[in-house]
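What follows is one structure encoded as structure tokens, with my remarks underneath.
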Amino acid sequence: MKLSLSNGIFCKLRLEGNLAAVKHLGFQNIEFNMKSIKKEHDTDVYREQKALATSGLDCLTLHSAVMHVKDPIEVHQAVYYGKISLECARALDAPLMTVHSNVSKKLPRHVREKCLNEIFGEIKPFAKSLDIKLALENLSYTSTGFGKNVEQLEEVLGVIDPEGKMGITFDLCHALETKEMDNLLEAYGSRICNVHMANKAHTPFTQETVELTHFLTKLHDYGYEGPITLELEHRTLMEEIAKSKAFFEKLLMKY
Ligand SMILES: [Zn+2]
């Protein structure tokens, strides 16, 4: 398993400072979160490419810009977010992009299905043409988006991925908050290709818990060797991030 840090935690910093902070903490790998890019720069992928190359960091995954569509009129914007994110993933040489369902949990089912079809009907072939794998993330009950448990994710995947080729980004924080860890592991254990690692409320783990040990043991049993991406609340102190990093470096050696 490869330890990585989501740079979304430093999204308030300018891009160079953001990546420098990741580097300063001693990480080698990042998940590039699109919220690190200012809106006016969102099509200038060469800027990101240059900043990443200068940092020497390896971008294992990219977290797409997401929009939880609450009216079909917003579909075009969600498609645009997905496509600029894919352009950025290509520029950063990231083989995998984390996506949300992009639809609001408030939409009625038939509208949800229509929107899902339209959004992923555009994003999927574009991702394929760039050779980037998509990984759908499980959400928390606090999210405005649809897809917090197996039932909801099955509905989404049934529409956007009938071939069963899409990966799963397993967010442990969300799974703990929704109490869905075991159900999600059972349904998607073998499809996990990215992990968002944090305790409830995106606080950092700094010691073992029963749930964490159980989760990592299960991941190991499924043969998981992908990223363990620390995805932490943006107010987390640098020393807490460093502590969590040191904790996982030691812990992951056991798996
Ligand atoms: Zn997440």
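Here the gap between Thr142 and Ile73, fully extended at 0.36 nm per residue and compared with their Cα-Cα distance, gives a gain of 22.5 nm. Relative contact order of the stretch 55-162: 29 percent, from C-alpha pairs under 8 Å at least 6 residues apart in sequence.
The simple Förster model, with R0 at 35 Å and r as the Cβ-Cβ distance, assigns Leu252 and Tyr80 a FRET efficiency of 0.40.
The phi-based Karplus calculation (6.51 cos²θ - 1.76 cosθ + 1.60; θ = phi - 60°) puts the 3J(HN,Hα) values of the stretch 4-10 at 8, 10, 6, 7, x, 4, 9 Hz, whole numbers, x for Gly and Pro. The P(r) of the chain has a tail past 29 Å containing 26 percent of all C-alpha pairs. Ranked by the mean number of other Cβ atoms within 10 Å per residue, highest first, peptides 61-68, 131-138, 19-26 order as 61-68, 131-138, 19-26.
If you take every DSSP beta bridge fully contained in the chain, what fraction is antiparallel? Give it as a percent rounded to 5. Antiparallel: roughly 5 percent of the beta bridges in the chain. The distance linking the stretch 195-232 with the stretch 132-169 is 19 Å (Cα centroid to Cα centroid, whole angstrom).
Computed from the C-beta positions of Arg235 and Asp131 and an R0 of 51 Å, the FRET efficiency is 0.90 to the nearest 0.05. Spacing of the modelled spin labels on Glu16 and Lys165, each 7 Å from Cα toward Cβ, amounts to 4.1 nm. Tally Lys/Arg at +1 and Asp/Glu at -1 over every other residue whose Cβ is under 13 Å from the Cβ of Lys243; what's the total? Net of charged neighbours comes to -1. 3J(HN,Hα) couplings calculated from phi for the stretch 213-220 with the Karplus curve 6.51 cos²θ - 1.76 cosθ + 1.60 (θ = phi - 60°) are, in sequence order, 4, 4, 4, 5, 4, 4, 4, 4 Hz; Gly and Pro show x.
Readers should treat all values here as calculations from the given coordinates under stated rules, not as data from a laboratory. Remember, predicted model here, so these are calculated numbers, not experimental data. Backbone-built Cβ (ideal geometry, glycine too); neighbour counts: all protein chains shown.
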